[in-house]
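Comments concern the structure below.
Values quoted throughout were computed directly from the atomic coordinates according to the rules given, and no laboratory measurement underlies them. Computed from a predicted model, the values in this text were never measured in an experiment. Methodologically, a virtual Cβ is constructed for each residue, glycine included, from the backbone with ideal geometry; neighbour enumeration extends over all protein chains shown.
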Amino acid sequence: MRIVIVGASRFGTATAAHLTEAGHEVVVVDRDADKLQALSDEVDAGLLEGDGSLPTVLRDAYGDGADALVLLTNVDDVNILAALVGRSVGYPRVVPQIVRKELLAVCEELGLQHLITPHATVARSIARTLESRHDAALDLRSHRGFDVLGYRVGERHDGARLADLELPEATRAVAVARGSGDELLTDETRLRSGDLLIVAVAAEAQEQMDELFPSGSD
């Protein structure tokens with residue numbers, strides 16, 4: 001995939017390094033030339049100096065095509081604006097980082113479904129670790145090659161039972177987020193369009209899952 005990252009923050013640098021090591025083509029955009037120079041010593045990625053919230057800059061980064069735009073500056077407002085501009089430019093998927101909880105509802109109203117919420121994620125992980133005395137407190141996203149991922153259910157799977165999905169072998173569907181609540185799954189659970197299906201996915205099965213639940217499709 002070709003992925004554009006706005007923000008040469010520590011998080012942006014770490015994300016770029018991980019993606020390039022996984023074989024993806026990455027372009028990092030930042031207004032700070034010094035940050036980009038420092039990043040060039042660590043990561044084999046394309047570098048573009050400029051304001052990542054401007055359409056001209058995002059078009060330059062888009063080039064002949066890109067699969068995703070990830071907004072990782074340290075300012076929520078900039079990430080939201082850049083996500084909206086990126087969507088208008090033609091990026092098929094935009095993923096902004098949001099730190100302030102009160103902005104999550106705004107993102108939902110704007111149709112920004114794919115969000116990175118690092119503080120909330122870390123807080124949940126800390127709480128699980130403190131409250132639990134056994135290995136269930138481990139975060140599966142970094143455990144033995146599995147990631148815990150969310151897949152949006154479209155019209156294609158509306159009304160389907162979990163047992164009918166024919167998920168890849170190296171996956172386990174865990175729960176579904178529906179409205180304001182979550183529900184653990186059984187084979188008889190019927191999915192609804194708009195549900196977020198939570199699945200533990202091995203690295204080798206992620207491409208198959210992406211084909212089964214393509215982003216932005218019905």
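Descriptive notes on the structure:
- Hydrodynamic radius of the range 16-80 per Kirkwood, over alpha carbon pairs, in Å: 12.4
- Pairwise label distance in nanometres, ASP164 with ASP147, each label 7 Å out on the Cα-Cβ vector: 2.9
- Between VAL106 and ALA38, the FRET efficiency estimated from the beta carbon spacing at R0 = 30 angstrom works out to 0.40.
- Mean-position separation - Cα centroids, the range 152-171 and the range 77-111, in angstrom: 27
- Net charge dipole size for the range 16-108 [Lys, Arg +1 and Asp, Glu -1 on Cβ; Debye, nearest 20]: 420
- In this structure, the amide hydrogen of VAL94, modeled 1.01 Å from its nitrogen in the peptide plane, lies closer than 5 angstrom to those of LEU69, counting only residues at least 5 positions away or on a different chain.
- Residue-span extension gain [MET1 to THR56] - 0.36 nm each, minus C-alpha spacing: 17.6 nm
- Table column - 3J(HN,Hα) (Hz), the range 49-56, Karplus curve with 6.51, -1.76, 1.60, x for Gly and Pro: 7, x, 7, x, 9, 9, x, 4
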